[in-house]
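Have a look at the structure below, then the notes.
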Amino acid sequence: MKREDVVEAIIIEKNKLGLSWQDIADELGMGCVWVTSACLGMNSMPKAPAARLCQLLELPEEAQSVLMSFPTKAWSRDVPQDPLVYRLYEVVGVYGDTLKEVIQEKFGDGIMSAIDFSMDVEKLEDPKGDRVIITMNGKFLPYKSW
């Protein structure tokens, strides 16, 4: 099986069983954003959660090894067309330099890790319209001088 085949099978079974990504994450005992990312092929799963996911969604046996394999983290460099993804792209376009300046002013010259990293999505109910809260938590990695 190819990674794309496993991703398609996961989505089909998830929908067939009426599960949410949070339901799946709860079954695996892991974070919702990370589990969703791994199910969409952008992270490799450790053996135990991969086996549990295959059991939960009744995936073919060979899906487990694909889930555990190291992915190539690549994405289209085209401007995203999906409105939600585009807005996140827009946020980075508008606020990216601002975030860089503020982070480097607080921490020094370096970057936020996307490896030693976690992210969470929360819903804040508001009478004027519900709010999306995205929390990104990455280790600061200073640039090294030599």
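Rule-based calculations on the coordinates, nothing more; no lab input. No experiment lies behind these values; they were computed from the predicted model shown. When we count neighbours, we look across all protein chains shown, and the Cβ atoms used for this are built from the backbone with ideal geometry, even at glycine.
In the P(r) worked out for the chain, what percent of Cα pairs fall beyond 20 Å?
Details: 6338 of 10585 pairs.
So the portion of pairs separated by more than 20 Å is 60 percent.
What length, rounded to one decimal in nm, is gained on full extension from Ser65 through to Ile111, with 0.36 nm per residue of separation minus their alpha-carbon distance?
Numbers: separation 46, 0.36 × 46 = 16.56 nm, distance 3.22 nm.
Length difference between fully extended and current span is 13.3 nm.
In whole Hz, what ³J(HN,Hα) sequence does segment 15-23 give by Karplus (6.51, -1.76, 1.60; θ = phi - 60°), x for Gly and Pro?
Residue by residue, segment 15-23 yields 5, 4, 7, x, 8, 9, 4, 5, 4 Hz.
Residues with beta-carbon under 14 Å from that of Phe70, excluding Phe70: net charge, scoring Lys, Arg +1 and Asp, Glu -1?
Values: positive: Arg3, Lys47, Lys73; negative: none.
In short, +3.
Indicate the gyration tensor shape class of segment 3-68 (rounded, prolate or oblate), computed on the Cα atoms with a ≥ b ≥ c the square roots of the eigenvalues: a/c under 1.5 is rounded; otherwise a/b larger than b/c is prolate and the rest oblate. Can you show the working numbers first?
Working: a/c = 1.31, a/b = 1.07, b/c = 1.22.
It comes out rounded by the Cα gyration axes.
Please list, ordered by chain and number, the residues whose modelled amide H lies under 5 Å from the amide H of Gly110; skip anything fewer than 5 residues away on the same chain.
Tyr143
Pairs Lys2/Lys47; Lys2/Lys73; Lys106/Lys144; Lys47/Lys139: which are spaced more than 20 Å apart, C-alpha to C-alpha? Spell out each step's value before the answer.
Details: Lys2/Lys47 18 Å; Lys2/Lys73 15 Å; Lys106/Lys144 17 Å; Lys47/Lys139 25 Å.
As for pairs spanning more than 20 Å Cα to Cα, those are Lys47/Lys139.
Kindly provide log₁₀ I(q)/I(0) values, in the same order as q = 0.27 Å⁻¹, from the Debye equation applied to equal alpha-carbon scatterers of segment 83-142.
Taking Cα atoms of segment 83-142 as identical point scatterers yields -1.18.
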